[in-house]
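The values are calculated or read from the model by the stated rules, or taken from the named source; none is laboratory data. Keep in mind that what you see is a predicted model, and the values were worked out from it rather than measured. Cβ placement follows ideal geometry from the backbone for every residue including glycine, while neighbour counts extend to all protein chains displayed. Heavy atoms of the whole protein, side chains included, go into the accessibility calculation; ligands, DNA and RNA do not. Shrake-Rupley method; radii C 1.70, N 1.55, O 1.52, S 1.80 Å.
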Amino acid sequence: MNAYDNALRQLEKAAKLMDLDPEVVARLSAPEKIVMASLPVRMDDGHLEVFQGYRVQYNSARGPYKGGIRFHPQVDLDEVKALAFWMSIKTAVVDIPMGGGKGGVVVDPKSLSKTELERLSRAWVRAFRQVIGPEKDVPAPDVYTTPQIMAWMADEFSTLEGKPSIGVVTGKPLDYGGSKGRGAATATGGFYVFMKLIEDTDIKPNKTKVAIQGFGNAGSIMAELLDNEKFIIVALADSKAHIYNDKGLDLEKVFAHKESTGSLAGFSGAKEISKEEFLALDVDVLVPAALENQITKDNAEDVKAKFVVELANGPLTPEADEILYKKGVVVIPDVLANAGGVTVSYFEWLQNISNNYWTEEEVDKELREKMIPAWEAIYQMSKDKKVDFRTASFMVALHRIAKAIQAKV
Ligand code: NAD
């Protein structure tokens, strides 16, 4: 499964349905710029390693490129291109004035010491310094890149510029230009959309069972938000275990167990099940919040949830998407469900360049004011064109990108 082929299939499908100008389709069928660099890093034992680094600048019709940097052994150019394309869609979905980009390094960061990781992060900035910057291209964290890494990157860029230029990256620590509310933003954005979606239904939280795959930033905060509303969290998963209790998990105890042991495995208030059993649980809501390609043509038929909220990027393959749609499962797609993250990243950038910092309440209010209209536009599009929410999201976004492209020709 090539992620970029999947992305282009999604583009083609939406473009056809909305009769998108062929010139716009042509522009969006390839990135504006691809930069690749070798990153030489002196390791702690004195030998030199050279890592492969990427930055793909997909589309800037609506503003500076925006998108994370992934440090992962499986990073490849097609994956970075796909993620950069989806960022272009995502920024347009929430209507923030930015384009889409993505970066990566082929590396297993868990095999590096902290000092090696710092040298690699700074080497990435030195290699790409000419193409990034607060007005050009603003990276952020992604898989295995952290606020600490963003702090090193902002510092390296500022040193090279000879002035503080911390708006070059977002997702920084709070003490060094980060935004309040960034940590909870992804889950909070998805939560707002889900609550809006069920507003006019007869769904009662205390009768609604939820399974969440992934108990990191996105998944654990979503669990807390839903638990606060009295939804019944019956199943959770991390990389070590899938845990299940039909009566509902005691979230406070789960957090304490995860804190003390580092994983969900061995939690006494639940039984452990397999990944296959987890995805096929008889729940109302399934929240994939871990990895790509989790629900495929091989297991989509088994999904019993009525709602799937994609906090992860790309957890469903296009084939799985079609199967779920035919089964009547409502999918809130990643480009909408997890767009709260890039939205608050944009707020962080605004705060950096204006040197004026917002309260948590201000961030939350502004986030809601981006997520709800995004949802309303997509809901309307899906009703008007009788399409699923993913296709509707693409159509709303492509329409906005097309207008920006056409305004200049
Ligand atoms: P994270 O590293 O904080 O958490 C990932 C979680 O997934 C961990 O609990 C890990 O144990 C679990 N996991 C890993 N492999 C698993 C497996 N095989 N089965 C079950 N669980 C597994 O990452 P995160 O920031 O929460 O990101 C999760 C997803 O959300 C990713 O797809 C990411 O791209 C997407 N996302 C995150 C943000 C954000 O702001 N954090 C924004 C947009 C999209």
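Tabulated results
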quantity	calculated
Per-residue HN-Hα couplings for region 106-114 [Karplus 6.51, -1.76, 1.60; θ = phi - 60°; Hz; x = Gly/Pro]	7, 6, 9, x, 5, 8, 9, 6, 4
Length added when fully stretched, Glu224-Lys304, from 0.36 nm per residue minus Cα-Cα	26.5 nm
Dipole magnitude of region 30-165 about its Cα centre (Cβ charges: Lys, Arg +1; Asp, Glu -1), debye to nearest 20	320
Stokes-Einstein D (µm²/s) once Rh is taken as the Kirkwood radius of the chain over alpha-carbon pairs, at 37 °C in 0.692 mPa s	151
Kirkwood-based Rg to Rh ratio, region 185-337, C-alpha trace	0.93
In range of the label at Lys408: residues from region 328-358 whose backbone nitrogen is under 17 Å from the point 7 Å along Cα→Cβ	none
Paramagnetic reach from Asp282 (point 7 Å along Cα→Cβ, amide N under 20 Å) across region 303-329	303-308, 327-329
log₁₀ of I(q)/I(0) at q = 0.15 Å⁻¹ - region 137-241, Debye sum with one point per alpha carbon	-0.73
Lys240, Lys204, reordered so the largest accessible area comes first (probe 1.4 Å)	Lys240, Lys204
With DNA, RNA and ligands ignored, accessible area of Phe347 (1.4 Å probe; Å², nearest 10)	0
Extension gain from Lys136 to Lys207, taking 0.36 nm per residue of separation minus the Cα-Cα distance	20.7 nm
Surface accessible to a 1.4 Å probe, Glu348 within the full protein complex, Å²	0
Long-range Cα-Cα pairs in region 30-165 (distance over 25 Å), rounded percent	22
Other-chain or far-sequence residues with amide H under 5 Å of His72's (modelled H)	Val105, Val107
Å² of accessible area per residue within the chain, as computed with a 1.4 Å probe and no ligands counted	43
Alpha-carbon centroid distance for the pair region 54-69 / region 150-225, whole angstrom	19
Residue-level accessible surface for Asp384, protein heavy atoms, 1.4 Å, Å²	100
Evaluated over region 296-348, the Cα radius of gyration and Dmax, each in Å	12.8, 41
Cα convex hull of region 277-409, projected area averaged across orientations, nm²	10.4
Using a Förster distance of 35 Å, the FRET efficiency for Ala26-Ile353 (Cβ separation, nearest 0.05)	0.60
Loop-located trypsin sites (Lys or Arg not before Pro) in region 358-399 whose Cβ has at most 14 other Cβ within 10 Å (DSSP)	Lys386
Fraction of antiparallel bridges per DSSP, the chain only, in percent to nearest 5	50
Probe 1.4 Å, all protein chains present, accessible-area order of Met36, Met18, largest first	Met36, Met18
Under-5 Å amide H pairs with Ile212, H placed in peptide plane, nonlocal only	Ala235, Leu236, Ala237, Val287
